[in-house]
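Taking it in order: structure first as structure tokens, then the write-up.
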Amino acid sequence: MNNKEKDTTDKILGMNRIMFFVIVALLCILSLSIGIYAQVFYRYSDTDPFMLGIGVGKTQDKAEIIALKNSFDNIFTNDIEGNTKVGNIKLKNDKKEIVYTYQKVVQKDEEKYNIVANLPRINIDSAYAEKINTQISVNYADRIEEILSGTDKYVDYGVSYKAYLNGDLLSLIIKETVYEGSENQTEKIQTYNYNLNNNTEVSILDIVKAKKYNQKQLQKDIYSEIDEINDKAKQLKSQYSEIKIRDKNNSMYKLENTENFIVNPDGYVYIIYAYGNIENTNTKDVLIFE
């Protein structure tokens, strides 16, 4: 082989080597990207790690709902999650999120109280937002002032919240916990659902319509789940007297009477029956629907 032919061959082989390494690099980047997506963003990564779509559906949905229920108490991280860049919303403070912690109280007196409270504020310039903020102040800020001003019982008091943005829907959930004297812990839940399009309250029936649920079937599902919870409670009642027995005929379980619910950024609807809202208990039922 003469020098000219050798140079031509080297160039061809050199180009092939470069292309080979480029292709290998691209494949590595693609594999890494798929791996990151599968682990971080793909909702069925635990049960479908290769993203083949095999078996994805009701089984995975049920498993995910169980996981969401089990982690419910961990959602209260005093912040907002979801798309926080919503257009056409007039904020009261341009430097703050749509929901933010406007008052944080950490106060402790060994003989009187222990207070850890994060109070949220809806940062929207509207009458409805102001109404919610006023309710929050009355419900929690006034209670804190009452405890700080003096009490004849030791009080352990906490407030935490979570806000979700799902399209034009803002959901805010607030948890209040109280240990007072020798009484059992009381846990109260309050939710607010806000239509960002027209600055109005969103009802559970609005959600049913928007999600295109079959209302009768959803009601049956609620009753069925309460029955299941109640059956387990009855089995434990003989061992633990404080176990709560539910009355399925109570009007609170009627869908149209649902007061506490939220929608997370993945579109899951949480219906929360917090019995501490009406009696001295920390028992609650969390029902979740896709």
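Checked against (1) farther than 26 Å from Ser203 by Cα; (2) modelled with pLDDT under 95; (3) in contact with a strand residue (DSSP E or B) (Cβ under 6 Å, 6 or more places away or on another chain), Tyr157 meets all criteria but (2). Among the residues of segment 257-278, is any of a type in the set (Asp, Glu), in contact with a Ser or Thr (Cβ under 8 Å, 6 or more places away or on another chain) and surrounded by 12 or more Cβ atoms within 10 Å (Cβ to Cβ)? The answer is yes, given that some residue of segment 257-278 is of a type in the set (Asp, Glu), in contact with a Ser or Thr (Cβ under 8 Å, 6 or more places away or on another chain) and surrounded by 12 or more Cβ atoms within 10 Å (Cβ to Cβ). Taking only pairs six or more apart or across chains, which ones have beta-carbon atoms under 8 Å, a first residue in segment 255-277 that is within 16 Å of Lys209 (Cβ to Cβ) and free of Cβ contacts under 8 Å to residues at least 60 places away in the same chain, and a second residue that is surrounded by 21 or more Cβ atoms within 10 Å (Cβ to Cβ) and of a type outside the set (Lys, Arg)? Taking only residues 6 or more apart or on different chains, the pairs are Thr258/Ile271. Each residue in segment 57-68 was checked for being at pLDDT below 90 and either surrounded by 15 or more Cβ atoms within 10 Å (Cβ to Cβ) or of a type in the set (Phe, Trp, Tyr) (or both), and 4 pass. With respect to the numbered conditions (1) part of a helix (DSSP H, G or I); (2) surrounded by 14 or more Cβ atoms within 10 Å (Cβ to Cβ), which one is the sole condition not fulfilled by Val138? The failed condition is (2).
Are any of the residues in segment 212-232 loosely packed, with under 12 Cβ neighbours inside 10 Å, assigned by TED's automatic domain parsing to the domain that holds Leu169, assigned to a loop (DSSP other than H, G, I, E, B) and out of contact with any strand residue (DSSP E or B) (no Cβ under 8 Å at 6 or more places or on another chain)? Yes: one or more hits. With the requirement that a residue be among the aliphatic types (A, V, I, L, M) and outside any helix (DSSP H, G or I), what does segment 120-135 give you? Matches in segment 120-135: Ile122, Ile124.
Filter segment 186-211 for residues that are among the aliphatic types (A, V, I, L, M) and not in a strand (DSSP E or B) and give the result. Answer for segment 186-211, where residues must be among the aliphatic types (A, V, I, L, M) and not in a strand (DSSP E or B): Leu196, Val202, Ile204, Leu205, Ile207, Val208, Ala210.
The values are calculated or read from the model by the stated rules, or taken from the named source; none is laboratory data. Note that the structure is a prediction, hence the values are computed from the model and not measured. Virtual Cβ from ideal backbone geometry, glycine too; neighbours counted across all protein chains shown.
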